[in-house]
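> I'd like to ask some things about the structure below.
Read the figures in this text as sums done on the coordinates, not as results from a lab. Keep in mind that what you see is a predicted model, and the values were worked out from it rather than measured. Here Cβ is always computed from backbone atoms with ideal geometry, including for glycine, and neighbour counts include all displayed protein chains.
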Amino acid sequence: MADSADNTRTLLLQIQAGDAAAQGKLFQLVYDQLRGIADALFRQQPANHTLQPTALVNEAYLRLAGRDREWEGRSHFVDVAAKSMRCVLIDHARKRNASKRGGQQERVAVTDSVVLVPQVDVDVLQLEEAMLELEKLNARKSRVVELRFYGGMTMQEIASLLEISPKTVEADWYFARAWLRDYMDRADRGPTDVG
């Protein structure tokens with residue numbers, strides 16, 4: 001793992017220096033990690049889902065490769081990749097739902113490896129709405145979910161990136177999962193009568 005992190009850092013520095021070939025090497029190096037994240041997001045996907053893990057990874061990487069930015073290391077790259085994958089999923093779900101003219105929302109199976117609720121289908125757009133609400137409440141907790149869910153990062157990696165303790169990351173993760181689950185359950189039930 002340390003060797004892979006060193007290689008990533010070296011490639012990121014080469015990309016910053018203008019080495020175009022380094023981008024392809026970086027893609028090969030991080031592809032398995034990004035593909036693993038995408039596979040987890042799509043495990044037990046509905047049969048009518050049109051976006052595949054490979055397409056998600058490729059689209060996310062194309063968005064990353066087109067950016068002119070200074071990478072601060074592997075964690076920073078994975079952080080930006082997580083945001084990119086999140087955007088690709090949201091864009092795809094919005095386009096698909098628009099083409100259905102208000103049809104049923106597209107759902108992606110969320111499994112244990114990215115645990116919000118083990119092995120449950122989550123509406124991508126509903127999750128995005130909940131994430132935006134959580135971000136208003138507590139931006140750091142929302143970032144922890146994004147890094148864990150879309151980035152597949154470990155608690156230790158998130159702690160290092162956000163410069164907080166692993167215990168704080170765990171507390172944020174457990175709070176955020178419960179809060180998101182409650183928010184989405186309330187959204188599924190719809191407005192309730194008060195009286």
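> Which pairs in the list Lys141/Lys167; Lys25/Lys83; Lys25/Lys141; Lys25/Lys167 are over 23 Å apart, alpha-carbon to alpha-carbon?
Details: Lys141/Lys167 13 Å; Lys25/Lys83 21 Å; Lys25/Lys141 33 Å; Lys25/Lys167 35 Å.
Result: Lys25/Lys141; Lys25/Lys167 exceed 23 Å.
> Quickly rank 79-89, 54-64 as a protection proxy: mean count of other C-beta atoms within 10 Å, highest first.
79-89, 54-64
> Can I ask one more? So which GluC sites (Glu not before Pro) in segment 132-195 end up in coil per DSSP with only 16 or fewer other C-beta atoms within 10 Å?
Glu163
> Taking the simple approach of a point 7 Å from Cα along Cα-to-Cβ for both Thr54 and Asp19, what is their distance in nm?
2.9 nm
> Okay, next question. Hey, quick one: spin label on Glu163, modelled 7 Å out along Cα-Cβ, who in segment 128-148 has an amide N within reach, i.e. under 11 Å?
Under cut-off, by backbone N: nothing.
> Another question about this same structure. Report the gain in length on full extension from Gln156 to Asp188: 0.36 nm times residue separation, minus Cα-Cα distance, nm rounded to one decimal.
Length gained between Gln156 and Asp188: 8.2 nm.
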